[in-house]
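Visitor: Here it is, the structure in full.
The values are calculated or read from the model by the stated rules, or taken from the named source; none is laboratory data. Being a predicted model, the structure only gives us computed values, none of them experimental. Virtual Cβ from ideal backbone geometry, glycine too; neighbours counted across all protein chains shown.
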Amino acid sequence: MKKRIIINIILAFVLETLIQLMRDYVKFEILNDHSSFSGSWLEYIQLDVTMRIIINPLIFLILILLPYNLILLKIGPQKFNYLRKTCIFLSVMVIMICMVGCFVNVRFYPYWKNIYYLAYFIPYSFLFAGLIHWLVDKRTVD
């Protein structure tokens, strides 16, 4: 159980933050998309460093990783293979975006524009569910 908690905290605070930083770096520096912020990437990161380093990982940890791990622990992590765990992780993310999206933007945009969330969540699910599967749930051969 300690291993699961430590791995989830590392995934939320390190990997999630790195993915967000890389996504913004590609957006600002490589694609030169300055429609949301006119400054450089470094200025954008410095603007909301607390949000990126503390608040976003905590939200990800509580809203995504906690329900995912509770589902796995309730049923038993050894009963699922990697693909089923990925589907569970994807469904947790889709349920959360539907719950949050009811208040934010899902109802203002047509549904076909919100399909992009699925394209964003699928590789994310493979990455995080895979890392949790191989680092925590996989039994080692003695």
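Visitor: Note down all Cβ pairs under 7 Å where the first residue falls in region 1-15 and is loosely packed, with under 13 Cβ neighbours inside 10 Å, the second is in a helix (DSSP H, G or I) and aliphatic (A, V, I, L, M), and they're at least six residues apart or on different chains.
Guide: Cβ pairs passing all conditions: Lys3/Val136.
Visitor: Does region 85-93 include one or more residues that are without any contact (Cβ under 8 Å) to a residue 12 or more places away in the chain, in a helix (DSSP H, G or I) and among the small types (Gly, Ala, Ser)?
Guide: Looking through region 85-93, at least one residue is without any contact (Cβ under 8 Å) to a residue 12 or more places away in the chain, in a helix (DSSP H, G or I) and among the small types (Gly, Ala, Ser).
Visitor: Wholly within region 1-83, which helices (runs of 4 or more DSSP H) include no fewer than the required count, namely at least 1 residues that are farther than 21 Å from His133 by Cα? It would help to see each step written out before you state the result.
Guide: Details: elements: 2-10, 16-25, 41-47, 56-60, 66-75.
The helices (runs of 4 or more DSSP H) meeting that bar are 16-25, 41-47, 56-60.
Visitor: Just give me the residues in region 72-94 being of a type in the set (Val, Ile, Thr) and out of contact with any Phe, Trp or Tyr (no Cβ under 9 Å at 6 or more places or on another chain), in sequence order.
Guide: Ile75
Visitor: Same structure, new question: Failed condition for Glu16, given (1) acidic (Asp, Glu); (2) modelled with pLDDT of 90 or more; (3) touching a Ser or Thr at 6+ places or on another chain (Cβ under 9 Å), with all others met?
Guide: Going through (1) acidic (Asp, Glu); (2) modelled with pLDDT of 90 or more; (3) touching a Ser or Thr at 6+ places or on another chain (Cβ under 9 Å) one by one, Glu16 breaks only (3).
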